[in-house]
Structure formats: C-alpha cells, structure tokens
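Structure record follows, encoded as structure tokens.
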Amino acid sequence: MALIVSDIKIPINESEEALRAFTARRLGVDARAIRRLRVVRIALDARKKNDIRLAYTVLVELSARDEARAMSFAKTGVTAFHSHMRAEPVKGSVRLTAPIVIAGYGPAGIFAAYELAKNGYKPIVIERGMPIDRRNRDVECFFSGGELNEQSNIMFGEGGAGTFSDGKLTTRIKDERADDVIKTLARFGAPEEITVASKPHIGTDVLKATIKNMRAETERLGGRIIFAARLTGINSQDGKIKSISIERSGERQTIECCACILAIGQGARDTYRMLHDIGLELAPKPFAVGVRIEHPQELINKAQYGEHFAHPRLGAAEYRLAEKSGARGVYTFCMCPGGSVVASSSAFGEVVTNGMSNYARDGENANAAIVVAVEPSDWGGDAMGGIEFQERIERAAYRLGGGDYYAPAERTVDFIKREHHPKAFSGVRPTYRPGVRAKNIYDCLPEFVSNGVREGIVGFARRLRGFDMPESVITAPETRTSAPLRICRNELGEATRMKGLYPVGEGAGYAGGIVSAAVDGMRAAERIMAVYASPND
C-alpha cells in the first residue's frame with residue numbers, strides 16, 4: 001500500500017535525512033513504520049524570509065494497518081496512491097505510401113520525431129539550421145563580432161530557440177505527456193532532479209548535450225534528420241498535402257509525404273509568408289514587446305531570501321512580477337538567474353535580445369524581459385501585421401545601436417528620467433554580445449511600450465526591493481516573446497485548409513515553452529499514428 005503526502009515543510013537548514021521523521025510526524029506513525037519513502041516533488045517556500053523551508057511531496061509505503069491510522073490522523077494533504085501508465089498510442093490501418101515529414105527540429109519537432117521513430121514510423125525531419133555543435137560555433141562567432149549566419153543562429157538550428165535560453169521546464173498545461181517529456185529529457189542526459197523539482201530547469205549547456213543524445217536515438221530507430229534544409233513550399237492535391245519543397249545547398253528538392261508536422265518555430269518569418277501566399281488560414285494573436293533588464297544576481301538573492309541569500313541549498317533566486325499600464329498588462333518574462341542577455345537576430349539589419357542561463361546559473365547578473373502586451377489592433381489586425389510590427393522595432397534598434405548588431409542600452413536611472421544622452425554604465429556590466437551602446441531606447445520602441453516598461457519598473461520595485469536600482473541595465477528590444485500569429489487548425493490538429501498538415505508548437509501559436517511545445521509535437525505524432533499503420537506491424 002502507498003500514500004502520497006504533500007506539503008511536508010522542512011527548514012532550509014535541516015538535512016533531507018530528517019524527511020522521514022517529518023513525514024512520520026505528519027502521518028502520526030513511528031518513523032520505523034515507513035517501509036519506503038520516495039521524493040515526488042520539491043518546492044521552495046520563501047514567503048517568510050526568516051523561515052525559508054523546502055516543501056516536499058513524497059510517496060510512502062506503510063502496512064495496511066498503519067496506512068489506515070495515517071489516513072484518519074492526517075486530515076489534509078494525504079491521498080491514496082494509484083499507479084498510472086500512459087496508454088500505448090493507437091495505430092491506424094491505412095498503409096503508408098510516403099514518409100511522414102517533420103519541418104523543424106525544436107522541442108515540438110524533436111519529440112514528434114522521437115515518438116514516431118520509437119513506434120516504427122521512420123520520419124524524415126528537415127531543419128533549416130545546423131546540428132548543435134556547428135550551430136554553437138556559428139553563434140559564438142556572431143557573439144564575438146563575426147558575421148550573422150541567417151540559417152544558423154539563436155533562432156534556427158538543432159534544438160530550436162529554446163536551446164539558447166534558461167531551459168525552464170515548468171508548464172501550466174494539464175497533460176500527462178508533460179511528465180513524459182521531463183522523464184525523457186532526464187533519460188537522455190538532463191539531471192535527475194528535474195523529475196522532482198517544482199520549477200525544473202535544464203540550462204543551455206546541459207540541454208545541448210541532451211538533444212544531441214535524443215537525435216542519436218531517433219536516428220538509431222530509423223528516423224532521418226536533414227540539416228541545412230529550408231522549407232520553401234507545401235504542395236497539395238484535392239485539399240490534402242502531397243509533398244513539400246525544400247532548398248538545400250542552393251538546390252531545390254521535393255519530398256513526397258503522406259503527412260507533415262509543421263514545427264517551424266516563431267522566428268521563421270519567410271515560412272509564415274510562404275504559408276500566407278499558398279492560402280493557409282492564419283489569424284493574428286496578441287504577444288508582448290519590451291526590453292531586457294539586468295541586476296546583480298546577489299541583489300535578487302537578498303531581496304528574495306533575506307539573511308539566507310547565500311545558503312548553498314537555495315541557488316540563484318528567481319522572480320515573476322506583473323503590473324498594469326492603463327489597460328495593458330506589463331510583466332516580467334523568461335527570467336534568467338545568473339545568466340546573460342543574448343543576441344537573437346536571425347536576419348540582417350535587425351537587433352533582437354533574449355535571455356540565457358547555464359545549468360549552474362552562476363553568472364554575475366540576473367536578467368529578465370519586461371514586456372508590454374501588444375494587441376492585433378495595434379497594427380491593424382491583419383494576420384501578417386504582427387511580424388511587420390516586430391520587424392520595424394528590430395530594424396530601428398539596429399540603427400540606434402550603430403550597426404554591427406550592437407544593441408541600444410542604458411542605465412535604469414537614465415531610462416526612468418528619459419535622458420536623451422544616457423551616461424556610461426557603472427555598477428552593472430552589460431552581458432549582451434557583440435556589445436551595447438548607451439542610447440535613449442525610447443527612440444526604437446513604440447511610445448506605449450516605453451511608458452509601460454517605465455511604469456512596470458516603478459511598480460515592480462514596490463514588491464521586489466532594489467528592482468529600480470539606478471545602475472541596473474536595460475537593453476532593447478525584446479520582441480519575440482511568442483508568435484504574433486496562429487496557424488489555424490481543426491479539432492483533429494490539421495490545418496483548416498489542408499488535410500495531413502499538422503501545425504504545432506510555438507511557431508504555430510499553440511505553445512509557450514519547451515515542455516508545452518514538446519507535448520504539442522507528441523500529440524500530433526499520435527494523431528498521425530492513429531491514421532496510419534506502422535511499417536513494422
């Protein structure tokens with residue numbers, strides 16, 4: 001017999017060895033009565049700075065007699081454990097006459113390909129960017145002042161845009177596949193602790209190795225990944241997909257397919273335009289635009305943890321804050337503890353920022369986006385207008401930064417005062433590479449965005465001490481928080497105007513992070529398998 005016991009709070013200075021005693025006390029049994037104890041989840045409760053605790057959820061095995069006693073003693077937070085395994089995917093009966101193709105090898109594409117390959121379907125994946133090792137070299141070259149590679153950068157390549165991020169694995173979706181995603185990542189090299197942490201993260205450095213291992217297994221199972229292959233067309237017959245067109249090494253090719261999972265990511269603007277041109281149904285959607293702000297990580301630790309700020313069990317502190325600017329939401333996004341601000345440009349003459357952390361989160365600065373809600377009415381409401389809205393800001397930032405992909409940045413005190421000639425940086429060193437130039441960033445942002453960011457900073461400082469630190473650094477712009485449009489699909493997951501085409505993930509407008517995108521890709525793979533018989537069956 002087994003019980004799930006939640007919210008067992010242990011002081012931060014107590015060893016995990018005390019967990020058995022705390023659990024026994026909660027259940028009203030002798031510690032020796034616990035036959036087996038396994039940690040299911042660990043969360044941090046730092047609401048009281050002078051009494052920070054770790055909150056555990058555990059699986060406990062007791063005798064039937066002790067279990068009955070525990071259930072009557074503990075009034076809340078104790079439930080019977082029921083083992084549950086996700087059902088094997090349903091497989092259809094239609095014979096495959098052409099391959100299943102996946103366009104894009106970010107989280108949605110990676111997990112869709114793996115799901116298909118392990119069930120015998122041998123998918124073909126096309127990815128416009130490079131394998132992770134080559135991609136890493138291209139990104140580092142760009143950061144060091146080299147030329148931007150439009151096909152291999154922070155946005156494009158193996159792993160997708162999420163590869164160069166904090167690697168957060170938290171999600172608000174309620175789908176049993178989310179646990180499968182976490183466990184799969186752990187199986188392929190991510191730290192085991194992600195399976196129990198309430199706010200798991202993997203970090204850029206660990207994620208790179210993990211997705212490389214997943215690719216090797218997908219290929220071993222019969223999947224094929226073609227890199228440096230850009231999707232240029234989707235061809236249909238009688239309303240159903242027939243083939244895709246790609247460009248590779250300057251040559252055009254056609255790949256016949258019975259189904260295609262469209263996992264393009266939200267940076268593929270040329271692909272969006274191609275989809276619009278062939279008549280797919282696209283709809284505008286809200287997103288958010290703003291800046292990146294950097295503080296010393298120690299300041300954030302002290303604000304969140306008080307006297308325990310340097311405790312080795314706590315690590316780098318996080319935050320999540322929200323305000324209002326008139327009727328618009330202003331909030332922090334993609335907070336990267338101990339990380340850096342990174343250049344996310346994927347097209348010539350455009351500057352874009354994002355945040356990134358390694359697994360250790362041991363960098364000098366914390367950074368986060370401060371973004372303001374943008375609605376389709378802000379650009380006229382047409383499907384492609386959100387992309388053009390982003391591009392205008394990114395090109396203005398490139399010009400303001402003086403070229404060479406330097407980003408415009410300024411101290412928070414100068415931004416709040418709206419100084420036309422910001423002073424030199426002091427106290428906090430900007431981490432963005434190739435570099436920043438002190439500029440009035442109001443000159444590259446819409447007025448409502450600049451005002452919203454300013455009001456947000458003032459409001460956030462009331463809840464997180466030091467957030468308005470004068471020497472903290474603001475770098476612009478953050479424009480790619482999510483896709484500015486949605487590729488419309490029906491209840492079967494297919495594009496509304498083309499059968500056999502399955503738009504998924506962030507680029508399709510249906511996910512908001514690594515895990516939710518991976519789940520969306522898995523779901524599409526299952527839908528295709530429910531139609532077609534496995535070649536191995």
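The values are calculated or read from the model by the stated rules, or taken from the named source; none is laboratory data. Not measured: the values here are computed from a predicted model. Note that we place each Cβ from the backbone using ideal geometry, even for glycine, and neighbour counts take in every protein chain shown. Calculation scope for accessible area: heavy atoms of the full protein, side chains included, ligands and nucleic acids excluded. Shrake-Rupley method; radii C 1.70, N 1.55, O 1.52, S 1.80 Å.
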Any chance segment 350-365 includes a residue that's of a type in the set (V, I, T) and under 16 Å from D166 (Cβ atoms)? yes
Given the criteria assigned to a loop (DSSP other than H, G, I, E, B), on the phi < 0 side of the Ramachandran plot and either at pLDDT below 95 or open to solvent by 10 Å² or more (accessible area, probe 1.4 Å) (or both), does R480 qualify? yes
If a residue must be over 18 Å from P408 (Cβ atoms) and without any contact (Cβ under 8 Å) to a residue 60 or more places away in the chain, how many such residues does segment 327-377 contain? 5
Considering (1) closer than 23 Å to Q304 by Cα; (2) in contact with a Lys or Arg (Cβ under 7 Å, 6 or more places away or on another chain), say which one F425 fails and leave the rest. (1)
Inspect segment 328-347 for any residue being out of contact with any strand residue (DSSP E or B) (no Cβ under 6 Å at 6 or more places or on another chain) and exposed (fewer than 15 other Cβ atoms within 10 Å of the Cβ) and give the result as yes or no. no
Restricting to segment 10-54, name every residue that is open to solvent by 70 Å² or more (accessible area, probe 1.4 Å), in a loop (DSSP other than H, G, I, E, B) and under 20 Å from A74 (Cα atoms). D30, R35
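Yes/no matrix, rows are residues, columns are (1) assigned to a loop (DSSP other than H, G, I, E, B); (2) over 16 Å from the mean Cα position of the chain (by Cα):
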{"site": "N136", "(1), (2)": "no, yes"}
{"site": "E150", "(1), (2)": "yes, yes"}
{"site": "E158", "(1), (2)": "yes, no"}
{"site": "D166", "(1), (2)": "yes, no"}
{"site": "I173", "(1), (2)": "yes, no"}
{"site": "D180", "(1), (2)": "no, yes"}
{"site": "T184", "(1), (2)": "no, yes"}
For segment 306-323, pairs from a residue that is without any contact (Cβ under 8 Å) to a residue 60 or more places away in the chain to a residue that is among the basic types (K, R) and open to solvent by 80 Å² or more (accessible area, probe 1.4 Å), with Cβ under 7 Å and 6 or more apart or across chains, are F309/K302
Is segment 77-96 home to any residue that is touching a helix residue (DSSP H, G or I) at 6+ places or on another chain (Cβ under 8 Å) and basic (K, R)? yes
Every residue from segment 451-475 that is on the phi < 0 side of the Ramachandran plot, touching a residue at least 24 places away in the same chain (Cβ under 8 Å) and small (G, A, S): G452, G456, G459, S472
Selection within segment 224-252 - of a type in the set (S, T, N, Q) and within 17 Å of Y502 (Cβ to Cβ): N235, S236, S243
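Determine whether A68 is in contact with an Asp or Glu (Cβ under 6 Å, 6 or more places away or on another chain) and assigned to a helix (DSSP H, G or I).
No.
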Hits in segment 92-111 - residues which are over 22 Å from I255 (Cβ atoms) and buried (at least 17 other Cβ atoms within 10 Å of the Cβ): P107
Residue under question is Y532, and the condition is that it be open to solvent by 20 Å² or more (accessible area, probe 1.4 Å), among the aromatic types (F, W, Y) and in contact with a Pro (Cβ under 9 Å, 6 or more places away or on another chain); does it hold? no
Any idea which of E115, E88 is at pLDDT 95 or above and of a type in the set (D, E)? E115
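For segment 237-299, which strands (runs of 3 or more DSSP E) that fit wholly inside it have 1 or more residues that are out of contact with any Lys or Arg (no Cβ under 6 Å at 6 or more places or on another chain) and open to solvent by 40 Å² or more (accessible area, probe 1.4 Å)?
240-248, 251-256, 282-284
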Check off (1) assigned to a strand (DSSP E or B); (2) open to solvent by 50 Å² or more (accessible area, probe 1.4 Å); (3) touching a Pro at 6+ places or on another chain (Cβ under 8 Å) for T79 and give me the number that stays unchecked. (3)
If you go through segment 361-374 one residue at a time, do you hit one that is over 30 Å from N136 (Cβ atoms), among the β-branched types (V, I, T) and not in a helix (DSSP H, G or I)? yes
Quick check on this structure: which one of G456, G466, G427 is among the small types (G, A, S), open to solvent by less than 30 Å² (accessible area, probe 1.4 Å) and not in a helix (DSSP H, G or I)? G466
From the option list A263, A283, A259, A197, single residue qualifying as more than 25 Å from R86 (Cβ to Cβ) and in contact (Cβ under 8 Å) with a residue 40 or more places away in the chain is A283
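Pull up segment 55-73, narrow it to residues that are in contact with a Gly (Cβ under 7 Å, 6 or more places away or on another chain) and within 17 Å of F22 (Cβ to Cβ), then point me to the one that is surrounded by the fewest Cβ atoms within 10 Å (Cβ to Cβ).
F73
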Which condition from (1) open to solvent by 10 Å² or more (accessible area, probe 1.4 Å); (2) closer than 18 Å to N354 by Cβ; (3) in contact with a helix residue (DSSP H, G or I) (Cβ under 8 Å, 6 or more places away or on another chain); (4) among the small types (G, A, S) is the one that S144 breaks? (3)
Considering segment 186-225 alone, what residues qualify as being part of a loop (DSSP other than H, G, I, E, B) and among the hydrophobic types (A, V, I, L, M, F, W, C)? F188, A190, V196, I202, L221
